[in-house]
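Engineer: Structure below; questions to follow.
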Amino acid sequence: MPDTYLRRDCPICQVQTKYTIEVSSKQRAEDFNSDSLMPYWNGFFKEKIFFSYARCGVCKILYTPIFYQLNQLEALYREMPPNMDLVPMDALVKTQRGYFKELKKYSSLKNGYIEIGPDIGIFTENCSREGDFNNYWLCEPNKAVASALAESVGKNKFTIIENMFEFTNIPDNSAGVAVMIQVLDHLLDPVATLTALKAKLVPNAKLLIVTHNERSLLRKIVGWRWPAFCLQHPQIYNSNTIAKLLEMAGYKIDSINKTRNYFELSFLIKHLLWSFGIKIKSVPKFFNITIGLKLGNIATIATPK
Ligand SMILES: [Zn+2]
């Protein structure tokens with residue numbers, strides 16, 4: 001290990017456990033120093049490199065026993081260019097609409113609303129249109145999206161917090177809903193974050209979490225080339241491990257479902273071919289239809305215990 005990387009305990013067990021390495025890239029991130037990894041941080045289409053993933057022998061979560069330190073991560077996220085909107089907007093809107101319908105089954109959509117990493121507010125907009133929240137607490141450090149995000153809440157009262165995990169301004173015991181879409185895979189200590197979040201929730205609040213699913217069909221098809229194996233994910237969940245994680249943080253599970261993600265078929269074909277190293281530039285227009293597939297993600301609804 002050339003650099004000052006973090007040696008991590010199992011993120012669920014919270015202690016050193018026995019683990020077995022399960023997935024590695026051809027060149028492993030832990031064999032390089034952090035400066036030479038820099039070009040790979042954002043590269044969707046460059047050579048793939050990530051910290052090896054291991055399976056905890058006790059709780060069975062898939063996680064990286066070696067990973068960036070918190071300060072290295074903060075520097076990397078600061079350097080990150082804005083989201084390149086790889087997925088067309090109408091596909092994103094449809095996908096997030098599906099997450100919202102799931103939340104609506106369980107929540108009365110009132111009291112305060114907390115969302116971590118809302119980006120431009122595609123999900124948030126559903127809540128402001130159909131919910132009855134008295135305040136929107138939006139933890140979003142990316143200043144470039146602030147005006148779009150403000151627009152997504154319409155005339156509702158809102159506060160944008162420019163630190164993803166700084167909940168101190170949010171009153172305790174105030175929120176009826178908390179939302180984390182594609183956030184939990186990125187956290188070094190997900191139990192600590194979920195525990196801090198819990199203090200902000202009213203007793204029957206609903207937490208909606210969307211994460212990758214390492215037991216998905218897509219992962220089985222593409223193996224180590226699965227896009228979720230990357231430098232940004234210190235752990236990846238499946239339905240069992242996310243349930244254990246939430247249990248550990250003081251929540252009980254209402255539901256865990258595979259989500260439908262909408263794609264333009266041409267986008268999907270292109271990325272599938274790229275992931276196998278076949279670098280075509282475009283796919284015939286014939287494939288420009290939007291399809292919904294239960295491909296690689298899970299949505300979890302939970303209630304504080
Ligand atoms: Zn464990």
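Taken together, the values in this text are just the output of simple stated rules run on the coordinates, not laboratory data. Every value quoted in this text rests on a predicted model; they were computed, and no experiment measured them. When we count neighbours, we look across all protein chains shown, and the Cβ atoms used for this are built from the backbone with ideal geometry, even at glycine.
Engineer: Would you mind working out the magnitude of the charge dipole of the chain relative to its Cα centre, with +1 at each Lys and Arg C-beta and -1 at each Asp and Glu C-beta, to the nearest 20 Debye?
Structural biologist: Values: 37 positive and 28 negative charges, 242 e Å.
Approximately 1160 debye in magnitude.
Engineer: Please compute the contact order of segment 113-231 in relative form: average sequence separation of alpha-carbon pairs under 8 Å and at least six residues apart, divided by the residue count, as a percent.
Structural biologist: Numbers: 176 pairs, mean separation 29.6, N = 119.
Answer for segment 113-231 is 25 percent.
Engineer: Determine the percent antiparallel among the DSSP beta bridges restricted to the chain, to the nearest 5. Can you show the working numbers first?
Structural biologist: Working: 27 of 50 bridges.
Here the share of antiparallel DSSP bridges comes out near 55 percent.
Engineer: Which of rounded, prolate or oblate describes segment 82-219 when judged by the alpha-carbon gyration tensor and an a/c cut-off of 1.5? Don't jump to the answer; show the numbers that get you there.
Structural biologist: Numbers: a/c = 1.28, a/b = 1.14, b/c = 1.12.
Rounded.
Engineer: A further question follows. What is the distance in Å between the Cα centroid of segment 28-78 and that of segment 96-125?
Structural biologist: 30
Engineer: Right, something else. Can you list the HN-Hα couplings for segment 32-41, worked out from phi with the Karplus curve (6.51, -1.76, 1.60; θ = phi - 60°), rounded to whole Hz and with x for Gly and Pro?
Structural biologist: Running phi through 6.51 cos²θ - 1.76 cosθ + 1.60 with θ = phi - 60° gives 10, 7, 5, 5, 6, 7, 2, x, 8, 4 Hz.
Engineer: Please state, to two decimals, what the Cα-based radius of gyration of segment 183-236 comes to when divided by 2.2 N^0.38 Å (N = residues). It would help to have the intermediate numbers written out before the result.
Structural biologist: On the way: Rg = 14.2 Å, N = 54, 2.2 N^0.38 = 10.0 Å.
So segment 183-236 has a normalised radius of gyration of 1.41.
Engineer: Take GLU247 and LYS105, extend 7 Å from each Cα along the Cα→Cβ direction, and tell me the distance between the two endpoints in nm.
Structural biologist: About 2.2 nm separates the two model spin labels.
Engineer: Report the per residue volume, in Å³, of the convex hull enclosing the C-alpha atoms of segment 187-305. Don't skip to the end; give the middle numbers.
Structural biologist: Working: hull volume 13.9 nm³, N = 119.
Expressed per residue, the convex hull around the Cα atoms of segment 187-305 is 117 Å³.
Engineer: Rounded to two decimals, what ratio of Rg to Rh does the chain give with C-alpha atoms and a Kirkwood Rh? Provide the component values of the computation, followed by the final result.
Structural biologist: Values: Rg = 19.1 Å, Rh = 20.1 Å.
Rounded to two decimals, Rg over Rh is 0.95.
Engineer: I've got another one for you. Taking the Cα centre of the chain as the origin and placing charges on Cβ (Lys, Arg +1; Asp, Glu -1), which of ALA175, LEU138, VAL93 is farthest toward the positive end of the dipole?
Structural biologist: Going by the Cα projections, it comes out as VAL93.
Engineer: In whole Hz and in residue order, list the ³J(HN,Hα) couplings for segment 167-181 that follow from phi through the Karplus curve 6.51 cos²θ - 1.76 cosθ + 1.60, θ = phi - 60°; x for Gly and Pro.
Structural biologist: Rounded to whole hertz, the list is 8, 4, 6, 7, x, 4, 6, 10, 9, x, 9, 10, 10, 9, 9.
Engineer: Give me THR168, THR290 sorted ascending by neighbouring Cβ count inside 10 Å, so fewest comes first. All intermediate terms of the calculation are to be shown ahead of the outcome.
Structural biologist: Working: THR168 10, THR290 14.
Least crowded to most crowded, the residues run THR168, THR290.
Engineer: List the relative contact order of the chain as a percent without decimals, with contacts defined as Cα pairs under 8 Å and 6+ residues apart. Walk me through the intermediate numbers first.
Structural biologist: Working: 594 pairs, mean separation 54.7, N = 305.
About 18 percent, as a whole number.
Engineer: With unit charges on the beta carbon (Lys/Arg positive, Asp/Glu negative), name the residue among VAL202, PHE263, GLN232 whose Cα is farthest towards the positive pole of the charge dipole of segment 197-300.
Structural biologist: Checked the options; the winner is PHE263.
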